[in-house]
């Protein structure tokens, strides 16, 4: 009896686990950790624009960025595209529609609790987090019901629901990035599949109306998800049921007209908004962002280290084996589902940026995780022996644990936010701590000069603070540089820049080993560009969170050189210790002066720090 209740309330258990993860990993104090972030800023902006600022040109954006996302270029998202002299939000308004109740609740709460009623203060941010958790629960509830409609028992339906919600990157995009579309699309597409299945196998006019309403919302969130219309024959199960049900739908004039009217009302919303923003009823709002159907990246989107779906969501790869029993049991459904999946993967891979700047794997497939769940069910139904099912269950539990690990790694930024290569993947896969490391593509480098100091002896006048050399602790050889309260500056480098580069696209990469006997706050790497002893661009990189206590830790940090530095400018590189109590040590310091090719793609490499802007006169 207790297990029966456990199966029944699986969606609520999933919701509770996600709530704990949210409380453990999200911090409203960080600009990058706000609930409304990245693409979510554009989806959400319709609500404050209409209800607070009455400004569909979104001129309030700069003020909001300065107030709630200060000093954080990574958090900035300009969602506006130019259309003549006017601007438009490039995103469709579907998310704003489903967020409206949560926004109004937050607006009321802000008024009652004297929070700023500006659309972005505490209540508004957390209303988006609440909406993501709600839609996760709703999607899980619909999924569990749909699995039972396909013949699953309570235990299998509950386990597959838990696997899809906790064993995939759906967890990350519910908890860490709740303003992205994917948990909402997952819920709506799952609901669409559930109501459409009911329409075919237990016909009621209301099922058609609900399916059409959800389908319209799905398109208004991400138009490409309109491809799920191809799932309808699969859900019917055979062509006879498909045809007969649609005859019934046409005969139910009242339900048909009601559904079409609701659909037209919803579809008119983006048209009205486009007209109010640009004066045109129809526009392509995404600007230069398009599909290129002649150059799909199907293998990359599935298997690449750089957000390949199967690389980061192996549960999805396991689910593909469910096609085999489906082929045996119902070939009509097999061809319909396989055709849908091939087309969806093809279209998704044709987007101009096929990896979608995604975190924690490939996010675009989260929307159709109902398919993953059904394929897992077909696999369970195929295995008649208990041992086979137990092995499958054990394997999926291992993959759920792996997903929790990767959830942590991506939430803690152990995996970098930029393009991930095989080397980066292997370097990050088993790590539980974030590393100070930079990955500069080898093909971007046109020239390199390296200056090194192993601390074993005097290296010349360009090397600063030789008096910090000591033989107490060392990484290699017998000497290191001790940075303490007496001399807070390490052995460092001071040199003129002009002769070290061959192009104007310049990067300085500092590599060293750091040893801290105890936890020291404020360990800082400084790169200071100067002219006549006056600082032109002073740059700091805080190392506290990267340094392991009582262990030599490798550090690798890179900075772009400002492009408009005067001739004969100098650079000073050193480590600084602000602590009045504790020391730390530097050894094997190497500084790479990299001349990069002038390709625009190499002028802003992810992970290379942009220099602080000062007056370069």
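The values are calculated or read from the model by the stated rules, or taken from the named source; none is laboratory data. Here the structure is a predicted model, which means the values were calculated and not measured. Note: ideal-geometry Cβ built from the backbone for every residue, glycine included; neighbour counts use all protein chains shown.
Checking 384, 390 one by one, the residue that is over 20 Å from the mean Cα position of the chain (by Cα) and assigned to a loop (DSSP other than H, G, I, E, B) is 384 and no other. For the range 458-470, how many residues are in a loop (DSSP other than H, G, I, E, B) and either modelled with pLDDT of 90 or more or closer than 21 Å to residue 579 by Cα (or both)? So the count comes out to 2. In the range 241-250 there is no residue matching the filter, namely being assigned to a helix (DSSP H, G or I) and buried (at least 24 other Cβ atoms within 10 Å of the Cβ). Only one of these conditions is not met by residue 578: (1) in contact (Cβ under 8 Å) with a residue 60 or more places away in the chain; (2) out of contact with any helix residue (DSSP H, G or I) (no Cβ under 9 Å at 6 or more places or on another chain); (3) under 30 Å from residue 443 (Cα atoms); (4) not in a strand (DSSP E or B). Which number is it? Going through the list (1) in contact (Cβ under 8 Å) with a residue 60 or more places away in the chain; (2) out of contact with any helix residue (DSSP H, G or I) (no Cβ under 9 Å at 6 or more places or on another chain); (3) under 30 Å from residue 443 (Cα atoms); (4) not in a strand (DSSP E or B), residue 578 breaks only (3).
Can you spot a residue in the range 78-93 that is assigned by TED's automatic domain parsing to the domain that holds residue 191 and in a helix (DSSP H, G or I)?
Step one: list which residues in the range 78-93 are assigned by TED's automatic domain parsing to the domain that holds residue 191, which gives 78-93.
Okay, now just the ones that are also in a helix (DSSP H, G or I), so none.
For the range 78-93, residues assigned by TED's automatic domain parsing to the domain that holds residue 191 and in a helix (DSSP H, G or I): absent.
So which residues in the range 115-133 are in a helix (DSSP H, G or I) and in contact (Cβ under 8 Å) with a residue 24 or more places away in the chain, if there are any at all? Within the range 115-133, 122, 124, 125, 126, 127, 128, 129, 130, 131, 132, 133 qualify.
The residues of the range 475-508 that are within 38 Å of the chain's Cα centre (by Cα) and part of a loop (DSSP other than H, G, I, E, B), listed by number, are 475, 490, 497, 501, 502, 503, 504. Is there a residue in the range 603-613 that is more than 29 Å from the chain's Cα centre (by Cα) and touching a residue at least 24 places away in the same chain (Cβ under 8 Å)? No, the conditions are met nowhere in the range 603-613. When 372, 438 are checked against the criterion of being assigned to a helix (DSSP H, G or I), surrounded by 14 or more Cβ atoms within 10 Å (Cβ to Cβ), touching a residue at least 24 places away in the same chain (Cβ under 8 Å) and on the phi < 0 side of the Ramachandran plot, a single residue qualifies: 372.
Screening residue 299 with (1) modelled with pLDDT of 95 or more; (2) farther than 24 Å from residue 215 by Cα; (3) surrounded by 12 or more Cβ atoms within 10 Å (Cβ to Cβ) gives one miss only, at (3).
Taking the conditions exactly as written (within 30 Å of residue 120 (Cα to Cα), in the same structural domain as residue 152 (by TED's automatic domain parsing) and either more than 30 Å from the chain's Cα centre (by Cα) or crowded, with 19+ Cβ neighbours inside 10 Å (or both)), does residue 201 satisfy them or not? No: the conditions fail for residue 201.
For residue 573, indicate whether it is touching a residue at least 60 places away in the same chain (Cβ under 8 Å) and closer than 21 Å to residue 482 by Cβ. So residue 573 passes the test. Cβ separations smaller than 6 Å between residues 6+ apart or across chains give the following pairs from the range 31-55 residues that are without any contact (Cβ under 8 Å) to a residue 24 or more places away in the chain to residues that are part of a helix (DSSP H, G or I) and crowded, with 18+ Cβ neighbours inside 10 Å: 55/49.
Could you say which residue among 520, 571 is within 29 Å of residue 458 (Cβ to Cβ) and assigned to a loop (DSSP other than H, G, I, E, B)?
Details: 571 fails: assigned to a loop (DSSP other than H, G, I, E, B).
Answer to the selection: 520.
Look at (1) at pLDDT below 95; (2) more than 22 Å from residue 271 (Cα to Cα) and you find that residue 106 fails only one, number (1).
Would you mind stating whether residue 568 is exposed (fewer than 14 other Cβ atoms within 10 Å of the Cβ) and in contact with a helix residue (DSSP H, G or I) (Cβ under 9 Å, 6 or more places away or on another chain)? In short, yes.
Being under 30 Å from residue 563 (Cα atoms), touching a helix residue (DSSP H, G or I) at 6+ places or on another chain (Cβ under 8 Å) and modelled with pLDDT under 90, is that true of even one residue in the range 438-452? Yes, that holds for at least one residue. Might you let me know whether the range 422-435 holds any residue that is in contact (Cβ under 8 Å) with a residue 12 or more places away in the chain, over 30 Å from residue 327 (Cα atoms), crowded, with 18+ Cβ neighbours inside 10 Å and outside the structural domain of residue 153 (by TED's automatic domain parsing)? Checking the range 422-435: at least one residue is in contact (Cβ under 8 Å) with a residue 12 or more places away in the chain, over 30 Å from residue 327 (Cα atoms), crowded, with 18+ Cβ neighbours inside 10 Å and outside the structural domain of residue 153 (by TED's automatic domain parsing).
Figure legend. Inter-residue proximity from the range 459-483: first residues on the phi > 0 side of the Ramachandran plot, second residues in a loop (DSSP other than H, G, I, E, B), beta-carbon distance below 9 Å, spacing 6+ or different chains. Indicated pairs: 465/487; 465/490; 465/491; 477/454; 477/455; 477/456.
From the list 285, 258, pick out the single residue that is assigned to a loop (DSSP other than H, G, I, E, B) and surrounded by 11 or more Cβ atoms within 10 Å (Cβ to Cβ).
285 is the lone residue from the list that is assigned to a loop (DSSP other than H, G, I, E, B) and surrounded by 11 or more Cβ atoms within 10 Å (Cβ to Cβ).
Among residues of the range 53-66 being in a helix (DSSP H, G or I) and surrounded by 13 or more Cβ atoms within 10 Å (Cβ to Cβ), the one that is modelled with the highest pLDDT is 53. On the stretch given as the range 578-607, residues that are outside the structural domain of residue 477 (by TED's automatic domain parsing) and modelled with pLDDT of 90 or more total 0.
What number of residues within the range 582-606 are assigned to a loop (DSSP other than H, G, I, E, B) and either touching a helix residue (DSSP H, G or I) at 6+ places or on another chain (Cβ under 8 Å) or closer than 30 Å to residue 518 by Cβ (or both)?
First, the residues of the range 582-606 that are assigned to a loop (DSSP other than H, G, I, E, B): 582-583, 597-599, 603-606.
If we keep only those that are either touching a helix residue (DSSP H, G or I) at 6+ places or on another chain (Cβ under 8 Å) or closer than 30 Å to residue 518 by Cβ (or both) too, we end up with 582-583, 597, 599, 605.
Count: 5.
Going residue by residue through the range 234-257, is there one that turns out to be within 24 Å of residue 350 (Cβ to Cβ), in contact with a helix residue (DSSP H, G or I) (Cβ under 6 Å, 6 or more places away or on another chain) and at pLDDT 95 or above? Yes - at least one qualifying residue is present in the range 234-257.
For the range 135-160, enumerate the residues that are assigned to a helix (DSSP H, G or I) and surrounded by fewer than 17 Cβ atoms within 10 Å (Cβ to Cβ).
So the first thing to find is which residues in the range 135-160 are assigned to a helix (DSSP H, G or I), and the list is 135-149, 154-160.
Selection gives 148, 149, 154, 155.
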